[in-house]
1. Could you compute Rg(Cα) / (2.2 N^0.38 Å) for region 116-173, with N its residue count?
2. Give, as a single signed number, the net charge of other residues whose beta carbon lies under 13 Å from the beta carbon of residue 156, with Lys and Arg counted +1 and Asp and Glu -1.
3. Take the Cα radius of gyration of region 21-306 and divide it by 2.2 N^0.38 Å, with N its residue count; two decimals is plenty.
4. Quote the charge dipole size of region 21-306 about the Cα centre in Debye, to the nearest 20; the model charges only the Cβ of Lys and Arg (+1) and of Asp and Glu (-1).
5. For 146, 230, what ranking results if the residue with the fewest other Cβ atoms within 10 Å of its Cβ goes first?
6. Taking the Cβ of each residue in 155, 175 as the centre, tally the other Cβ atoms inside 10 Å and list the residues starting with the fewest.
7. So if the hydrodynamic radius of region 20-72 is defined as the Kirkwood radius over C-alpha pairs, what does Stokes-Einstein give as its diffusion coefficient at 25 °C and 0.890 mPa s, in µm² per second?
8. Show me, for region 19-33, the HN-Hα J-couplings you get by feeding each phi into the Karplus relation (A = 6.51, B = -1.76, C = 1.60, θ = phi - 60°), rounded to Hz, glycine and proline as x.
Amino acid sequence: MSEPASTPTSNKGPRPQDLDAAALRHQARRLAREPQPPWLHAEVARRMAERLSFIKLQPARVLDASPALGASAELLRHAYPNALVLWHEADAVMAARAAQARAQSWWRKLRGAPSGQVDALPARPEVDLLWSNMALHASADLPALLGAWQASIAVGGFVMFSCLGPDSFVELRQVYARAGWGRPAPDWWDMHDIGDLVLKAGFADPVMDQQTLRLTWASPESLLADLRALGGNLAPTRFGGLRGRAWRQRLLAELGTLRDETGRLALTLELVFGHAFKTPPRLAVAAQTHVSVDAMRATLRRGRTTG
């Protein structure tokens with residue numbers, strides 16, 4: 001016998017990381033009205049920026065993908081003061097927020113300085129670094145997005161990103177499962193699966209890393225307030241209606257069971273970091289290859305010219 005829809009054992013749809021599109025749009029519009037990006041995003045951006053020192057490439061063109069909530073603009077300007085920093089937001093509301101945050105001074109407008117906005121991906125001309133902080137877990141089609149990123153980066157350039165992993169909010173997931181409330185968050189892509197998708201998108205030498213954060217709060221109310229500042233439940237099998245006061249009181253009581261040995265409420269977050277390079281495409285080698293003499297001569301001439 002199948003379980004009732006109100007108490008699913010999994011929120012997975014036809015694909016991993018299936019998201020509710022309507023909930024995603026609603027979340028974007030609510031977060032776009034906030035004065036600052038989510039508090040967690042700024043911390044993750046700082047941790048990701050520390051990894052830039054391991055990469056010797058000094059990009060001339062940088063693309064900040066999904067910057068409205070990424071809290072990364074100053075970090076990128078500090079890391080690459082001589083680079084042209086561009087940005088792209090697929091959602092119109094988020095694009096308006098990002099544009100407002102990057103409002104140009106009047107003298108730059110008079111000089112005709114570019115706004116830096118990339119209207120659509122793939123970016124043209126290509127960039128040397130594509131940076132994306134805390135956005136991949138809000139993508140309903142991760143393979144397609146990674147493909148667009150790969151096509152936006154010049155050969156020799158690299159991508160760097162961060163996102164939430166599937167072990168985030170594991171304690172909250174247990175509370176919801178025990179109460180029969182479904183899932184409080186989507187089942188996000190696993191770190192190793194993301195690495196495989198990065199390879200399939202055409203990148204080379206992906207390096208994936210994972211960090212665990214243990215966050216604590218003094219009260220259930222402060223925990224809920226901070227979770228709301230991060231966004232909302234995008235799981236397609238979440239409860240579809242409005243919750244009442246009685247449910248909220250029960251939720252607060254259930255959250256009280258999350259107290260650790262210090263008496264504070266604790267939640268775990270899994271952070272996933274990754275970077276990879278774009279190398280020249282490799283020619284497929286077949287058992288028998290047909291090459292025209294003219295094409296071979298042209299290849300040899302290019303080699304002598306660039307050698």
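1. Taking N as the residue count of region 116-173, the ratio is 1.34.
2. Working: positive: 56, 61, 278; negative: 126, 128, 205.
Result for the local shell: 0.
3. Here the answer is 1.19, to two decimals.
4. That gives a dipole near 800 debye.
5. Listed from fewest to most nearby Cβ atoms, that is 230, 146.
6. 155, 175
7. Translational diffusion coefficient: 187 µm²/s.
8. 10, 7, 4, 5, 5, 5, 5, 4, 4, 4, 5, 5, 5, 5, 7
Values quoted throughout were computed directly from the atomic coordinates according to the rules given, and no laboratory measurement underlies them. Because the structure is a prediction, the values reported are computed rather than measured. So basically every Cβ, Gly included, is an ideal-geometry build from the backbone, and we count neighbours across all protein chains shown.
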